[in-house]
1. Which of the numbered conditions does Asn672 fail, given that it passes all the others? Conditions: (1) surrounded by fewer than 20 Cβ atoms within 10 Å (Cβ to Cβ); (2) modelled with pLDDT of 95 or more.
2. Can you pull out every residue in segment 360-406 that is within 16 Å of ligand 1 (Cβ to nearest atom) and among the polar types (S, T, N, Q)?
3. Can you spot a residue in segment 326-335 that is in contact with a Lys or Arg (Cβ under 9 Å, 6 or more places away or on another chain) and more than 16 Å from Asn383 (Cβ to Cβ)?
4. Quick one: in segment 416-452, of everything that is acidic (Asp, Glu) and buried (at least 20 other Cβ atoms within 10 Å of the Cβ), which residue is farthest from Ser484 (Cα to Cα)?
5. Look through Glu387, Glu455, Glu405 and report the one residue that is closer than 28 Å to Arg162 by Cβ and out of contact with any Phe, Trp or Tyr (no Cβ under 8 Å at 6 or more places or on another chain).
6. Any idea which of Lys525, Lys515, Lys561, Lys549 is loosely packed, with under 15 Cβ neighbours inside 10 Å and touching a residue at least 24 places away in the same chain (Cβ under 8 Å)?
7. Do we find a residue being closer than 30 Å to Asn195 by Cβ and not small (Gly, Ala, Ser) anywhere in segment 304-320?
8. List every residue pair whose Cβ atoms sit under 8 Å apart, with the two residues 6 or more apart in sequence or on different chains, where the first one lies in segment 309-326 and is farther than 14 Å from Asp204 by Cα and the second, anywhere, is of a type in the set (S, T, N, Q) and within 16 Å of ligand 1 (Cβ to nearest atom).
Amino acid sequence: MKYTTYFSMGFALVLSFSSCQNPSKTFAESEVSVVPKPSEMILAEGSFVVSKDTKISLVLETQKPAAKYLSDLFENAAGYSLTISDTGTNGTIVFIEEPSIKPEAYHLEVTPHKITIKASDAAGYFYGVQTLRQLLPPTVEKEANETQNWLVPSITINDEPRFGWRGMHMDFSRHFFSMDEVKTFLDYMALYKLNTYHMHLTDDQGWRIEIKQYPLLTEKGAWRIESTHDKACKELAKTDPSYTIDEQHYHQKDGQRLYGGFFTQEQIKEIIAYASERQIEVIPEIGVPGHFKAAIDNYPFLSCTGEPGWGEVFSNPACLGKETSYEFTKNVLSEIAALFPSDYIHIGGDEVNIQAWKECPRCQKVIKDNNLANEHELQSFFNRDIEAFLKTKGKKLIGWDEIVEGGLSEDTTMMWWRNWAPKMRDKAANNGNNMIITPCFEYYFDAQNDVTPFEKVYNYEPVPEEFTADQAKHVLGIQANLWSEMIPNFKRLQYMAFPKILAMAETAWTSKEDKNHEDFQERMKLQHQRLDALGISYFIPAVSGLNDKEAFINKAVLELKAPLDGMEIYYTIDGSEPTKIAIKYTNPLEFTETTTLKTIAFRGDVPSVVKTTLVEKQHYLEPVGIKETTRAIKQWVDIDKFKVVDDIILPDNATFTSVNAINFSGYDGEQNVSMVFKGHFYAEEEGLFEFATKSDDGSLLYIADNLVVNNGGNHSAIEKNGMVALKKGWHPITVKFHEATGGGQLTVWYTAPGGEKKVLAGSVITE
Ligand code: ACM
Ligand code: ZN
C-alpha cells in the first residue's frame, strides 16, 4: 500500500493560517491506526475538529445509514448528535455519490475544514464512516465523554475490499446468546468491515429459531437439562470463572431448571434489520441431514429407526429414504426463506453418521433405485433436491465441504473447513463451484489461543498457492467461526474472538500485497485501546522472554517483557498462582537454585495468560563417543498400541528404520500412530542448548535420560520448549510422539548458544 506523509509548501502555509483560528494538531503515522489497512492512505497536516456544530450533508437514501451511524456515535460518546441535512452539500461532513467507485469501496478526504466521503453504494459510505470512526480517538467508543476534543487527522484514503464475503459465524445451539449480545457483536463486525453474519441456529444440542409449522422444535427442542459441554464448562469454571454458563439462559420449565432459548421470527427480523443498517447480511444455517438431533428428538419419524440416537461420534441423521424427511426440510426452509432476505441458505451437511443409512433398508432402496454409488451420493441426491427447492424461493444453497464428496450441482457454494481435506477445494473449483475459506486450523476462533495464535490467523493466505487465476475467482471470501461448545457466555466469546478477529478482517479486506505483520502489530497498539474503550475482553499472551524450562549452571538472569505496551508484570517463586498481590517485576530476576517461576501481566484489571517456567540448575552433560556419523536417526513406529505419548514404552525387540528428519511424514491422516526416534545430537560447543517441539498430538524430547521438552498429552498443534546444559560432542537424544485421531504433525528444533533456531536435521544428528 501507499502510506505517505505529504506536506506541500503551499498546503502547509494555508494550514498554518487555518490553525491560528483553529489550533488543530498534526498527527504522526504512529498515531493513526486503521484496521483493516486501507489500499491507499496519505496523511497530511492539521486535523478536523468535530463539535456539536458539525453538520452532515447528504442527498441520497443510500447515504443515510452511514450518516446516522456517525451521528449516533457522537450522541453516545459526546452527548450530542450531529445534525443531518438531506438537501445539499453545505455541511462540513459531506457524502457525495461517485459512480466510478466500485461497490463497497470509498474515498475519504479529511482536511481541517471538511470531511468528504465519496462512494457509489450504501456499503461504501458506511465503510468510509467506519474508517472515520477509527481515525477518531478510541474514547469515541465510550459513553459520555463530553470533555474530549474530537480530532480527525487530515488524510486522504482510497479503499476497497479484497473479498466480497467477509464473514463471522456464531453457534447458538451449543450455548445461546441474547438479542443484545447479537447486536453488540454486529457492531464489532461493522467496525472491522465484516459483512456476513452466519447464524448456526440448529444442532444436536438445541433448536434456536421459531418454526411455526413445527412448534415442538422450540417448545421442547430449545431446552435441555445438561449437555456434556455444560458439564465440561462447569468443571472448568471451578478454577476459571470465564467458563461460567450464562445464568440468563436458565429457565424454570415444567418443574425443571432447563438451559436454552430461541429467537422468535420477530426477533430474527429485528436482527436482520439491525445487521442491514450495518451493511451485514445474515445467513441462516439449518443443519440437515446430520447435526439434526434437536429436530429428531421431537419429530422422531425423521430418523431411519424412528428414534433419536447417536452413532460412534455423530448423531443419527434424518432418513433420506423417507419422503417425510424431504417434506419436513422443505417446510422448515420455506419459513426460513421467507424470513431471511439473504441470497444464501446454509444447510450444514457436515459430519453425518452415514452408518445409519448403511443399515437402513429405505435409504439403501433410494441408493439402488437412483443408481447412486454410495451414501455420500445419497446425501448429494438429497442436497440437489433441496437446492432445486431453494431455487424456487430465489435462494442459493451453501453447505460445509462434506457436501462435495458425493458430487455438487454447479450452483452450490461450499464452506471449506477441513484442513485435512484440501481436495474438496480443488474438486469444487474444478467443477466451477464457489467456496468460502474457513479452515479449522486457522479460522476456528473457539480453538485455544496457544493452538491458533494471532500470528497464525494473520499470516494465513486463504487462496491456495496452486490455484490458477480462474480457480481463485471461485474463492468468494473468508470466514471465522465461533463454535460455542466451550463458550458459555458472551465475555468468553469476546475473549476467544479478540484480537484474532482483527487479523482475519485484515485478510478479508486488505490486498495480499498490502498486508504486513510488523506494521499490523504497530497498528494493534492503538486498536487495543479501542477494544479497551469498547469494554471487550480480549486475549493477552503470556509474559515473553521465558522458555518453558530455563537451564543455568551458576546463576540465571531472566529479563521479562510485558506482552503489550504499558502492562505491569507480577510473579511468584513459591508455585502459587500469580495475581496483582504477587511480587511486582521491576528488574531482571536472578536465580541460583532450581525454582518454579510463574508470571502474569495486567492491563488495568485484564490479565495475560500465566506463564510457568522451571528455572533449573543443571551441570553439563558429558558427551558419548561416536566415530561415524550418518545424518540420520532411527525411527520406530507402532499403530494402535498406545493412546497417548506419555504411555509409549519402546519394546526390547523394537525394530528401527533410518530417517533423516524427525517428523510425521509418510503417515499423513493416520490415527493412533506412536513413534520413537532415537539417535544422537551434536553439541557444537559447550553451553546451554534450547530444544522445541511442535506436535499434534503430544511429544516428549529427552537428552540422555533428561526430559528437556515436555509437550505431552493429546492436543492440537502446540509448541513447547526447554533447555539443557551440554558439553561439546554427541549426546543421546530420544523423541517420542503420538498421534491419536488423525491430522498429526511433528517438528523438532534446536538452538545452539547464541545461535538461531533450526530444524533438527543434517549434520547435528546421527544414529
Ligand atoms: C464443522 O466444524 N463441523 C463444520
Ligand atoms: Zn434411512
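1. Just one mismatch for Asn672, condition (2).
2. Matches in segment 360-406: Gln379, Asn383.
3. Within segment 326-335, one or more residues are in contact with a Lys or Arg (Cβ under 9 Å, 6 or more places away or on another chain) and more than 16 Å from Asn383 (Cβ to Cβ).
4. Residues of segment 416-452 acidic (Asp, Glu): 426, 442, 446, 450.
Keeping just the survivors that are buried (at least 20 other Cβ atoms within 10 Å of the Cβ) gives 442, 446.
Details: Glu442: 16, Asp446: 7 Å.
Checked segment 416-452; the qualifying residue farthest from Ser484 (Cα to Cα) is Glu442.
5. Working: Glu387 fails: closer than 28 Å to Arg162 by Cβ; Glu405 fails: closer than 28 Å to Arg162 by Cβ.
Every option except Glu455 fails the conditions.
6. On the way: Lys515 fails: loosely packed, with under 15 Cβ neighbours inside 10 Å; Lys561 fails: touching a residue at least 24 places away in the same chain (Cβ under 8 Å); Lys549 fails: loosely packed, with under 15 Cβ neighbours inside 10 Å.
The conditions single out Lys525.
7. Applying the first criterion (closer than 30 Å to Asn195 by Cβ) to segment 304-320 yields none.
There is no residue in segment 304-320 that is closer than 30 Å to Asn195 by Cβ and not small (Gly, Ala, Ser).
8. That search, which allows pairs on different chains as well, returns Glu312/Asn353; Leu320/Gln379.
The values are calculated or read from the model by the stated rules, or taken from the named source; none is laboratory data. Just so it is clear, the structure is predicted and the values come from calculations on it, not from any experiment. Ideal geometry is used to build each Cβ from the backbone, glycine not excepted, and the neighbour counts take in all protein chains shown.
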